Every structure is written in structure tokens, then in C-alpha cells.
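These notes are about the structure you will find just below.
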Amino acid sequence: MTNNHILPLGSVVTLKRGDIKLIIVGRAQLFNNGGTIGYFDYSALGYPQGVIAQSEFAFFNDEDIEKVLFEGYRDEQEIEFADSYEKNIKSAAYPKLIIERKKTVETETFGF
């Protein structure tokens, strides 16, 4: 899914390769990926539990979203933020990171 605007905080989504609901709590979040600092469009927590002991944030981009279940609150500030997001993020000093999935190949021995 590619939204025509950045989703507001509080939006609830599912990801293409995920099995839980996530609530968006941050946008344009910096992440250290093995020494490369870059950003993801969103950071989120599991829904409905939110922050729990030793919570880990999920980081993902707009293109990773399978379905938007709920869109968060929008007021004038949010609309202004969303309208300027693409322009502002293009001038960011950090690269956009992508989720890379490692494929595991199981070899079959056929008893050999």
C-alpha cells in the first residue's frame, strides 16, 4: 500500500509480512542499522498492548503497510505536517532505510 499522505499518529495498521496490529507512535524515526543511520517512515508498537516491559518498536515504511485499520486524529497541524512531509524528508541528511528479509533455504538430504 502506498498512501497519498503520511499517516497520523494513532493510526492502526497491519503489515504485508506481519501478523499483528501496530499503532503508529512516531514518524521519520532514525534507526541505527549496523552502523548506518537512516530513517523509516514509521515507528509503532503492538496494538492493543502498547508499551510493555522491554517493548521493542517496529520500524517500517509506507510501502510495507498491508491495510490501514484506523486513521489517527487530523487537525490543522497534522494536515500541515502531512502536506510538507515529502518535501521535508527529501532534504533529510539521512537515507531512507528498507526492511530486508533474509530468505532461508532449507536443503533436503533425502536421507543421504
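Bear in mind that the values in this text are calculations on the coordinates, not laboratory data. The structure displayed is predicted, hence computed values, not measured ones. Cβ coordinates were reconstructed from backbone atoms using ideal geometry, including for glycine residues, and neighbour counts include every protein chain displayed.
Taking the inverse of the mean 1/r over every pair of distinct Cα atoms in the stretch 33-72 gives a Kirkwood hydrodynamic radius of 12.0 Å. Rounded to the nearest whole Hz, the Karplus-based 3J(HN,Hα) values (6.51 cos²θ - 1.76 cosθ + 1.60, θ = phi - 60°) of the stretch 24-32 follow the sequence 6, 10, x, 9, 6, 7, 6, 9, 8, with x at glycine and proline.
Applied to the stretch 63-74, the Karplus parametrisation 6.51 cos²θ - 1.76 cosθ + 1.60 on θ = phi - 60° returns per-residue 3J(HN,Hα) values of 5, 7, 6, 7, 8, 9, 8, 7, 9, x, 5, 10 Hz, with x for Gly and Pro.
Per-residue ellipticity at 222 nm computed for the chain from its helices equals -4500 deg cm²/dmol, with DSSP H segments shorter than 4 residues left out and the rest contributing -39,500 (n - 2.57). 3J(HN,Hα) along the stretch 8-16, derived from phi through the Karplus expression 6.51 cos²θ - 1.76 cosθ + 1.60 where θ = phi - 60°, amounts to x, 4, x, 5, 10, 9, 10, 9, 4 Hz, with x in place of Gly and Pro. Put in line by how crowded their Cβ is, counting other Cβ atoms within 10 Å and starting with the fewest, SER43, SER91 read SER91, SER43.
For ASP75 and LYS16, the difference between the fully extended length at 0.36 nm per residue and the C-alpha to C-alpha distance is 18.4 nm. With all projection directions averaged, the alpha carbon convex hull of the chain covers 10.3 nm².
Could you work out the local net charge near LEU9, counting Lys and Arg as +1, Asp and Glu as -1, over the other residues with Cβ closer than 13 Å to its Cβ? Here the count lands on -2. A protection proxy built from the mean count of other Cβ atoms within 10 Å ranks the segments 25-34, 79-88, 49-58, 6-15, most packed first, as 6-15, 25-34, 79-88, 49-58.
Taking amide H as placed 1.01 Å from N in the peptide plane, the amide H of LYS96 sits under 5 Å from that of TYR39, each at least 5 places away or on another chain.
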